[in-house]
1. Relative to the compact-globule scaling 2.2 N^0.38 Å, provide the ratio for the alpha-carbon radius of gyration of the range 1-50.
2. Where a ≥ b ≥ c are the square roots of the eigenvalues of the C-alpha gyration tensor, would you call the range 148-289 rounded, which needs a/c under 1.5, or, failing that, prolate if a/b is larger than b/c, or oblate?
3. Amide H of VAL17 versus every other amide H placed in the peptide plane: which residues, excluding those fewer than 5 positions away on the same chain, fall under 5 Å?
4. Where the Cα atoms of the range 118-200 are projected onto their three principal axes, how long is each span, largest first, in whole Å?
5. Rounded to whole Å, give me the distance from the Cα center of the range 136-191 to that of the range 91-118.
6. Place the peptides 100-109, 196-205 in order of packing, highest mean first, counting for every residue the other Cβ atoms within 10 Å and averaging per peptide.
7. How big is the range 104-164 by the Kirkwood estimate over distinct Cα pairs, in Å?
8. Once phi is turned into ³J(HN,Hα) by the Karplus curve 6.51 cos²θ - 1.76 cosθ + 1.60 with θ = phi - 60°, what whole-Hz value does each residue of the range 153-163 show in order, with x for glycine and proline?
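The values are calculated or read from the model by the stated rules, or taken from the named source; none is laboratory data. Since this is a predicted model, take the numbers as computed values, not measurements. With ideal geometry, Cβ positions are generated from the backbone for all residues, glycine too; neighbour counts draw on all protein chains shown. SASA here: full protein model, heavy atoms, side chains in, ligands and nucleic acids out. Shrake-Rupley method; radii C 1.70, N 1.55, O 1.52, S 1.80 Å.
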Amino acid sequence: LIYPTAYSRPQRYPLVVVQYRSRGFLAGGVGGETPIYALAARGYAVLSFDRPEFREREAQVPLSQLQREIELTGTERRSKRVALDHFISILVSRGVVDERRIGITGLSDGAETLYAMLIDEPGRFAAAVAGSPPTDPAGWWLNAPSYRAQSSARLGLTAPWEVAPSPWTAWWEANSPALRAGNIRTPLLMNLGESEALRAFPLITRLRDNGQPVEAFVYPGAYHVKSRPSHIIAAQLRTMAWLDFWLQHAPPELERPETAGATERWERMRARLLQDDSRSTGDGVGDPR
């Protein structure tokens with residue numbers, strides 16, 4: 001846990017979860033798109049949340065079998081959710097964190113956890129920023145035939161078609177956010193590398209059709225992990241602006257080209273979200289924070 005600059009009790013602070021691996025100087029999780037210390041300087045508590053490892057089981061079985069077990073049983077997904085909920089509950093009980101203002105970020109495995117949490121715990125997070133697209137049936141036909149063959153041989157993974165054999169048809173359904181978009185209630189920003197952006201389009205479309213706040217940027221020429229400094233800086237600025245808006249009610253910095261025109265768009269998203277919240281509660285009052 002990185003405390004916000006000038007931390008002071010009894011004030012409660014917004015929390016940002018940064019994911020996948022915690023290495024070196026905690027620059028910003030895998031991909032470096034969520035700058036931890038910059039967020040702490042902006043008044044956030046930041047939880048650097050590492051991925052679990054199954055080393056004992058890894059020593060007992062081949063890696064392909066371990067991956068198959070983890071995916072089909074949901075072991076890793078479940079352990080992440082339980083652990084993350086536990087850490088957050090500790091911070092709330094200690095009076096450090098405002099549980100109405102929690103954001104989650106992640107790229108690659110961190111993004112997988114992010115999407116799973118948005119599905120499994122609707123309303124838990126007030127903002128989310130994903131650095132890569134979700135699992136989606138579109139990924140099956142977008143990948144090369146050689147990759148599909150390799151996945152089938154190594155894991156037994158099958159196509160997402162309804163005629164495909166179980167248990168993988170149930171896996172696609174459980175792990176594809178576009179198929180469960182009705183569960184997602186969290187404003188979502190997506191910073192997508194061009195090479196894999198198409199896999200995100202089904203979820204983006206579903207969320208927009210549902211009136212849920214979603215904004216996506218595609219980074220030209222970028223792969224799974226963005227390598228160009230200009231891309232990383234742009235992703236960092238957009239990430240902080242999105243978190244500031246939804247967790248601290250702070251408008252985007254107008255002089256930044258990365259967030260040009262964002263204020264009007266995001267205010268419309270917030271108004272729609274407030275309206276939907278008031279309808280669902282029936283009291284005419286809603287606050288996504």
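1. Details: Rg = 10.6 Å, N = 50, 2.2 N^0.38 = 9.7 Å.
Working it through for the range 1-50, the quotient is 1.09.
2. Oblate, because a/c is 1.5 or more while a/b does not exceed b/c.
3. Sorted by chain and number, the residues that satisfy this are LEU47, GLY103, ILE104, THR105.
4. The Cα atoms of the range 118-200 stretch 40, 29, 18 Å along their principal axes.
5. Their Cα centres are 24 Å away from one another.
6. Values: 100-109: 24.0, 196-205: 19.0.
Per-residue mean Cβ counts within 10 Å order the peptides as 100-109, 196-205.
7. Working: mean 1/r = 0.0753 Å⁻¹.
After inverting the pairwise mean of 1/r, the radius is 13.3 Å.
8. Result, rounded to whole Hz: 6, 7, 10, x, 4, 10, 4, x, 6, 5, 8.
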